[in-house]
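Rule-based calculations on the coordinates, nothing more; no lab input. A quick note: this is a predicted structure, and the numbers were derived from the prediction, not measured. In this analysis, Cβ positions are derived from the backbone assuming ideal geometry, glycine residues included, and neighbour counts consider all displayed protein chains.
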Amino acid sequence: MPHLFTASDQAGDWSDHVALSNRLLGDDPAEIIDALTAAAREGASPTDLGRSLAYAAALRVARFGTANEHSDWETAHHVFTYTNAIHQALKRIGSARPDPVEAVRGLLHGAMALYLARYLNVPPASLPGESGDRLNDLPIVAEEISAALLDTFDRQRQIDAAARLVARHLTLGHSPDALIATLAQALLREDAGFHAYQMLEAGVRQFQDWGNCDQGRHILIAVARYLAAHFPTQRALLQTADIASRLTRGGELHREAEAIG
């Protein structure tokens, strides 16, 4: 492993991230490892490999088949957030250490986790815009798309609807920051667990690396599909916070309840 990232004339010029991501989604574990090692020898840095791996893991979520058990969403979530964490760690290490062998091992573990989760995409869900879906039935104005997305998160089993609205927003050239703010608003009003926060955080970081392109759009589609699969919740946390606030101000809840009765 220390010899994989030796300096070469191609170092710094490697840009086959998408092609590598596609190979990492393959069905042969030996070929997946070969793809990683070949890319390293061709000039890909550890950070390049991490970026490709994280995008491949995002596609596992974006193409998650809804015929799977609901708990299987967490398998897809764990692979994506793990690979994002490895990618972020490799970015922070950067060139400070020429042979970050321990961190690079994480890429191999992540690649095998991605391989083991391949059943989640059998059959793969279609991405918005595929199969002739031009999204023309959806709103055009950014604010209307945002309102429709929040309304979608108010109802169960709206996974594909949420994904289509995200794709609509981005393909029309609206602000990605506005879309991310809407996803954050949707998250914050729910009784969300840390998995949902991890998913949004990882998705935003990966989107920032890819930018507003096809790959960046697929990443935010993955985030929206995961959130839609888990929303709406009971939304009881606001009530709990309100009770705590009233008690802090000296309120007597039992007397108030008797008065109402």
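Calculate the FRET efficiency for Gln208 and Val101 from the Cβ-Cβ distance with a Förster distance of 30 Å, rounded to the nearest 0.05.
0.65
I'd like the Karplus ³J(HN,Hα) series for the range 190-200: coefficients 6.51, -1.76, 1.60, θ = phi - 60°, whole numbers in Hz, and an x wherever there's a Gly or Pro.
Residue by residue, the range 190-200 yields 9, 8, 7, x, 5, 4, 5, 5, 4, 4, 5 Hz.
Roughly how tilted is helix 101-116, in degrees to the nearest 10 and between 0 and 90, from the longest Cα axis of the chain?
Approximately 70 degrees, to the nearest 10.
Compute the angle between helix 29-41 and the longest alpha-carbon principal axis of the chain, please, reported from 0 to 90 degrees and rounded to the nearest 10.
Taking the Cα atoms of the chain, the angle to 29-41 is about 70 degrees.
At a 10 angstrom cut-off on C-beta neighbours, averaged per residue, how do the peptides 239-247, 209-217, 156-164 rank from highest to lowest? Don't skip to the answer; put the middle values down first.
Numbers: 239-247: 10.7, 209-217: 17.1, 156-164: 19.1.
Taking the mean over residues of other Cβ atoms within 10 Å, the ranking is 156-164, 209-217, 239-247.
What's the extension gain from Glu69 to Ile33 if we count 0.36 nm per residue and subtract their Cα-Cα distance?
10.1 nm
Mind giving me the nanometre distance, one decimal, between the label points for Asp151 and Asn136, set 7 Å out from Cα along Cα→Cβ?
2.2
Could you run the Karplus curve 6.51 cos²θ - 1.76 cosθ + 1.60 with θ = phi - 60° over the range 48-56 and give me ³J(HN,Hα) per residue in whole Hz, x for Gly and Pro?
Coupling constants for the range 48-56: 4, 5, x, 5, 5, 5, 5, 5, 4 Hz.
To the nearest 10 degrees, how steep is helix 214-230 against the longest Cα principal axis of the chain, on a 0 to 90 scale?
Relative to the chain, helix 214-230 is tipped by roughly 40 degrees.
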